[in-house]
2 protein chains.
Amino acid sequence: MQIADRIEGYLGGKLLPFWLERVAAPEGGFTTYFDRNGRPTGQTDKTLIQQTRSIFMLSHVTRAGLGGGRAAELLGPGLQWFLENFRDTGHDGWYWIIDKTGTPVSTDKIIYGHSFVIYAMSECALATGSPEARAAAEHTFDLVQKYASDTAFGGYREMFLRDWQPRPGGPYGGDRKSFDVHMHLMEAYTTLYELTRRDIHARKLREVIEVLWSRMFDPVSWTGIAQFGLDFTPLPAIMFRTVWGADRDNEGEPRPLDNTSYGHNIEFLWLFLHALEVLEERVDPWRDRLAVLARHTAGFGVDQKYGGLFVEGPRNGPARDLQKEFWQQAEALVGFLDAYILLGDRAYWDAFVRVFDFVWSKMINHDVGEWFALLDRDGTVRWDYLGHAWKNNYHTVRSMIQTLARLRKIESLGLAP
Amino acid sequence: MQIADRIEGYLGGKLLPFWLERVAAPEGGFTTYFDRNGRPTGQTDKTLIQQTRSIFMLSHVTRAGLGGGRAAELLGPGLQWFLENFRDTGHDGWYWIIDKTGTPVSTDKIIYGHSFVIYAMSECALATGSPEARAAAEHTFDLVQKYASDTAFGGYREMFLRDWQPRPGGPYGGDRKSFDVHMHLMEAYTTLYELTRRDIHARKLREVIEVLWSRMFDPVSWTGIAQFGLDFTPLPAIMFRTVWGADRDNEGEPRPLDNTSYGHNIEFLWLFLHALEVLEERVDPWRDRLAVLARHTAGFGVDQKYGGLFVEGPRNGPARDLQKEFWQQAEALVGFLDAYILLGDRAYWDAFVRVFDFVWSKMINHDVGEWFALLDRDGTVRWDYLGHAWKNNYHTVRSMIQTLARLRKIESLGLAP
């Protein structure tokens with residue numbers, strides 16, 4: 001299969017070498033600060049997201065049998081540096097940003113980041129058998145239950161001060177819940193349960209799935225709602241005053257309440273199917289709503305003119321933000337293939353191809369190996385760096401590994417159109 | 001004040017001696033199995049409720065400066081025996097029932113019991129400074145957050161197998177939530193927070209208060225609803241297949257959905273006021289609904305003919321179960337005095353007196369010192385034992401200490417009618 005072969009060559013020949021040669025920071029831990037030519041930008045702050053996603057990426061590569069053992073070699077010292085430098089030994093949990101000497105820069109406890117600790121430590125333990133990684137995954141899970149679970153309304157609070165007091169409300173996020181964080185907790189608990197097979201991890205996975213489906217989706221269009229009050233009242237999404245390294249935008253008016261993210265919806269689809277697989281549960285009860293979700297994403301999210309997936313739009317109608325950001329493309333490749341396998345509808349194969357063609361011809365910087373961060377609708381490069389604190393290696397490497405696996409499965413089952 | 005003086009004499013001269021002479025079991029731990037004459041019944045099984053309530057009682061007596069140091073003397077070895085014998089070192093948490101040799105008899109993890117571990121260990125640490133008691137309180141709190149909090153709907157699941165998997169549903173209780181257990185968690189978290197002043201303990205206290213007020217009360221009559229599905233749908237209350245030692249009843253038809261317990265309502269009133277006091281929060285926002293609750297209890301729950309508090313009845317109308325059980329009387333004494341102090345309405349003083357007169361003339365076995373378990377409406381003794389696994393010393397001793405304190409306060413403020 002032509003696309004599969006292209007991905008296989010690119011993954012092994014370009015994308016993995018890009019990261020395996022660059023990701024180890026000279027001062028310890030990992031770095032992901034690279035310009036459009038793959039040269040270090042000079043930034044050195046370490047973020048929780050960047051370190052855990054790099055650990056996840058190297059673990060995921062190792063589990064896939066790729067990288068020729070180099071990924072596993074990098075994991076050992078990187079994991080050790082992370083465990084020694086990012087843990088808040090005073091209040092427990094993990095710092096948000098530290099500098100290259102290990103001095104904390106932002107000590108808030110952000111659940112988005114803690115979900116990636118659980119995810120990365122679990123994947124690392126699955127890849128290497130590391131007991132430290134497993135202990136860190138299980139202990140972080142326990143901390144999230146104790147400090148973040150909202151026993152008044154269900155779900156989780158998401159942003160805390162260093163001592164685990166909730167941050168103030170409004171732009172500090174202490175009184176909001178989000179689709180994004182709950183989806184990433186689902187992702188993290190899935191891999192934690194795959195590792196431990198402990199009942200409590202399966203139970204909390206089922207509970208966060210319940211929250212997502214019953215509170216965080218619009219039950220007509222089965223599209224995700226971005227933000228909520230603590231009691232799950234939907235709220236227009238705002239940006240939070242949290243330093244993420246470099247966010248796509250961090251000010252401006254709140255989003256309209258009927259706004260939905262195509263990328264989150266299609267990412268949810270495949271992460272949810274993976275959760276069901278790990279839980280060994282049947283997909284049938286969910287098939288109809290997943291079909292509605294996939295139809296919305298393919299119908300409104302995919303650019304029929306230039307290819308690729310738009311950023312966001314309303315629950316019923318054409319997209320409003322027509323830019324093309326890297327991570328939505330990465331998740332749509334996997335999600336549309338899963339939708340095609342699940343639903344057997346050629347439309348999802350076509351959607352996959354439209355996104356893939358855009359990624360291949362516009363998003364990937366083939367000369368260097370990684371993807372650009374943000375393009376205009378027609379593929380003009382708008383943000384040209386290949387890596388920063390937040391745009392690093394988790395979406396792109398996982399997408400290529402998971403897309404290739406699905407294409408090979410489609411091939412072997414004779415399902416290709 | 002005549003009633004205060006009578007209580008003071010009875011508490012120091014009869015009730016405390018009853019327990020201080022009998023509560024230490026010869027084989028270690030505490031015993032509460034006594035017949036109407038205060039003689040051991042021969043039962044020896046140790047229950048989680050019985051041990052923790054005895055530890056609470058001795059700690060509460062010590063904090064009140066009563067018992068002449070004897071309560072504190074009994075606490076030391078009793079606490080040690082409890083910590084060594086009741087802890088499940090395999091799955092963590094606490095056994096439900098063990099025999100006198102320390103062999104587990106019922107290993108299920110019951111949150112009702114775990115709330116009493118938190119309550120008793122906190123009170124013990126406040127009374128004696130014991131670091132083991134404090135550690136047990138904090139660790140049990142952490143376990144409850146991890147295993148019992150329901151992150152799908154809020155609140156807590158209540159009944160688990162030994163390994164913390166939820167018990168099956170229906171009569172095994174794994175799919176129900178109750179007013180009773182959530183009220184006792186409020187009680188336990190209040191004393192835990194009084195001990196630690198840790199933000200997380202205050203936060204979970206506020207959250208369980210939110211669950212009680214917004215999910216577990218009927219918002220017209222402000223009377224408690226006994227049982228719910230996991231999503232807080234009110235359900236007719238059933239009895240569970242859990243050995244409590246000796247329950248008042250453990251079979252029969254489910255209760256009508258509009259049933260409410262006068263004892264739980266008035267107990268909630270004073271435990272909630274105490275929680276606000278420890279949280280240093282104002283009572284004003286709650287005054288109106290507390291007045292509705294108190295009016296219901298005094299109007300329908302108090303027996304105008306014989307005195308005392310009935311067992312239960314509908315949300316709007318006269319009582320259905322006219323028996324007089326010991327614990328409702330104990331809690332009503334404290335609750336009606338708090339209602340009188342809060343609301344300044346003579347009706348609650350009168351309700352207090354009506355309950356007190358019944359307790360003094362019918363419920364207390366003055367020859368021996370403790371209260372009978374269950375009386376008919378007119379005071380005829382129906383269940384005559386003074387102690388068993390579940391009816392022991394927490395309600396009666398706490399009631400006498402707290403009632404006396406309130407009477408002295410009313411006296412000193414010149415509020416007596």
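Counting only residues that are in contact with a Leu (Cβ under 8 Å, 6 or more places away or on another chain), within 18 Å of B:F82 (Cα to Cα) and without any contact (Cβ under 8 Å) to a residue 60 or more places away in the chain, how many does the range B:1-29 have?
Of the residues in the range B:1-29, 2 are in contact with a Leu (Cβ under 8 Å, 6 or more places away or on another chain), within 18 Å of B:F82 (Cα to Cα) and without any contact (Cβ under 8 Å) to a residue 60 or more places away in the chain.
What do you reckon, is A:A373 in contact with a helix residue (DSSP H, G or I) (Cβ under 7 Å, 6 or more places away or on another chain), within 30 Å of A:E21 (Cα to Cα) and without any contact (Cβ under 8 Å) to a residue 60 or more places away in the chain?
On the way: in contact with a helix residue (DSSP H, G or I) (Cβ under 7 Å, 6 or more places away or on another chain): yes; within 30 Å of A:E21 (Cα to Cα): yes; without any contact (Cβ under 8 Å) to a residue 60 or more places away in the chain: yes.
Yes: the conditions hold for A:A373.
Do we find that B:H184 is more than 8 Å from chain A (Cβ to nearest Cβ), open to solvent by less than 10 Å² (accessible area, probe 1.4 Å) and out of contact with any Pro (no Cβ under 6 Å at 6 or more places or on another chain) in this structure?
On the way: more than 8 Å from chain A (Cβ to nearest Cβ): yes; open to solvent by less than 10 Å² (accessible area, probe 1.4 Å): yes; out of contact with any Pro (no Cβ under 6 Å at 6 or more places or on another chain): yes.
Answer is yes for this residue.
Collect the residues in the range A:208-218 that are among the acidic types (D, E) and either away from chain B (no Cβ under 13 Å) or surrounded by 23 or more Cβ atoms within 10 Å (Cβ to Cβ) (or both), keeping them in residue-number order.
Start the filter on the range A:208-218 by keeping residues that are among the acidic types (D, E), which leaves A:210, A:218.
Hit for the range A:208-218 is A:D218, nothing else.
Within the range A:326-347, track down each residue that is open to solvent by 10 Å² or more (accessible area, probe 1.4 Å) and under 22 Å from the mean Cα position of the chain (by Cα). Before you say what the answer is, go through the steps one by one.
Here is the first cut: in the range A:326-347, the ones open to solvent by 10 Å² or more (accessible area, probe 1.4 Å) are A:327, A:338, A:340-347.
Across the range A:326-347, the qualifying residues are A:W327, A:D338, A:Y340, A:I341, A:L342.
Name the residue, out of B:T140, B:T191, B:T151, that is buried (at least 22 other Cβ atoms within 10 Å of the Cβ), in a helix (DSSP H, G or I), within 13 Å of chain A (Cβ to nearest Cβ) and among the β-branched types (V, I, T).
When all the criteria are applied, what remains is B:T140.
More than 22 Å from B:T89 (Cα to Cα) and of a type in the set (D, E, K, R), is that true of B:D142? Show your work before the answer.
Numbers: more than 22 Å from B:T89 (Cα to Cα): no; of a type in the set (D, E, K, R): yes.
No, not satisfied.
Hey, among B:Y172, B:Y193, which residue is modelled with pLDDT of 95 or more and either in contact with a Cys (Cβ under 6 Å, 6 or more places away or on another chain) or not charged (D, E, K, R) (or both)? Break it down stepwise before answering.
Details: B:Y172 fails: modelled with pLDDT of 95 or more.
On inspection, the qualifying residue turns out to be B:Y193.
Which condition from (1) outside any helix (DSSP H, G or I); (2) without any contact (Cβ under 8 Å) to a residue 24 or more places away in the chain; (3) open to solvent by 10 Å² or more (accessible area, probe 1.4 Å); (4) within 14 Å of another protein chain (Cβ to nearest Cβ) is the one that B:K146 breaks?
Checking B:K146 against (1) outside any helix (DSSP H, G or I); (2) without any contact (Cβ under 8 Å) to a residue 24 or more places away in the chain; (3) open to solvent by 10 Å² or more (accessible area, probe 1.4 Å); (4) within 14 Å of another protein chain (Cβ to nearest Cβ), the one that fails is (1).
Return the only residue of B:R197, B:R176, B:R134 being more than 10 Å from chain A (Cβ to nearest Cβ) and in contact with a strand residue (DSSP E or B) (Cβ under 9 Å, 6 or more places away or on another chain). Steps first, answer last, please.
Values: B:R197 fails: in contact with a strand residue (DSSP E or B) (Cβ under 9 Å, 6 or more places away or on another chain); B:R134 fails: in contact with a strand residue (DSSP E or B) (Cβ under 9 Å, 6 or more places away or on another chain).
From the options B:R197, B:R176, B:R134, the qualifying one is B:R176.
Each row is one residue, and each column tells you yes or no for (1) among the polar types (S, T, N, Q); (2) open to solvent by 60 Å² or more (accessible area, probe 1.4 Å); (3) modelled with pLDDT under 95.
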| position | (1), (2), (3) |
| --- | --- |
| B:W244 | no, no, yes |
| B:E251 | no, yes, yes |
| B:L257 | no, yes, yes |
| B:G263 | no, no, no |
| B:F268 | no, no, no |
| B:L271 | no, no, no |
| B:A275 | no, no, no |
| B:R287 | no, yes, no |
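Out of (1) outside any helix (DSSP H, G or I); (2) acidic (D, E); (3) touching a Leu at 6+ places or on another chain (Cβ under 8 Å), what's the single condition that is false for B:D163?
Exception for B:D163: condition (3).
Could you list all residues from the range A:154-173 that are basic (K, R) and either out of contact with any Phe, Trp or Tyr (no Cβ under 7 Å at 6 or more places or on another chain) or within 8 Å of another protein chain (Cβ to nearest Cβ) (or both)?
Restricting attention to the range A:154-173, the residues satisfying the condition of being basic (K, R) are A:157, A:162, A:167.
Answer for the range A:154-173, where residues must be basic (K, R) and either out of contact with any Phe, Trp or Tyr (no Cβ under 7 Å at 6 or more places or on another chain) or within 8 Å of another protein chain (Cβ to nearest Cβ) (or both): A:R157, A:R162.
In the range B:392-406, which residues are open to solvent by 10 Å² or more (accessible area, probe 1.4 Å) and closer than 8 Å to B:L11 by Cβ?
If the condition is that a residue be open to solvent by 10 Å² or more (accessible area, probe 1.4 Å) and closer than 8 Å to B:L11 by Cβ, then B:I401, B:L404 are the ones that fit.
Does the range B:218-237 hold any residues that are part of a strand (DSSP E or B) and touching a residue at least 24 places away in the same chain (Cβ under 8 Å), and which are they?
In the first step, residues of the range B:218-237 are kept if they are part of a strand (DSSP E or B); the result is B:218, B:223-224, B:227-229, B:234-235.
The answer is B:D218, B:T223, B:G224, B:Q227, B:F228, B:G229, B:L235.
Quick one: which of A:D350, A:D345, A:D357, A:D367 is closer than 22 Å to A:L20 by Cβ, out of contact with any Cys (no Cβ under 7 Å at 6 or more places or on another chain) and at pLDDT 95 or above? Show your work before the answer.
On the way: A:D350 fails: closer than 22 Å to A:L20 by Cβ; A:D345 fails: closer than 22 Å to A:L20 by Cβ; A:D357 fails: closer than 22 Å to A:L20 by Cβ.
Every option except A:D367 fails the conditions.
The values are calculated or read from the model by the stated rules, or taken from the named source; none is laboratory data. Keep in mind that what you see is a predicted model, and the values were worked out from it rather than measured. Positions of Cβ are generated from backbone atoms using ideal geometry, with glycine treated the same way; all protein chains shown enter the neighbour counts. Heads up: the accessible areas ignore ligands, DNA and RNA and are worked out on the full protein's heavy atoms, side chains in. Shrake-Rupley method; radii C 1.70, N 1.55, O 1.52, S 1.80 Å.
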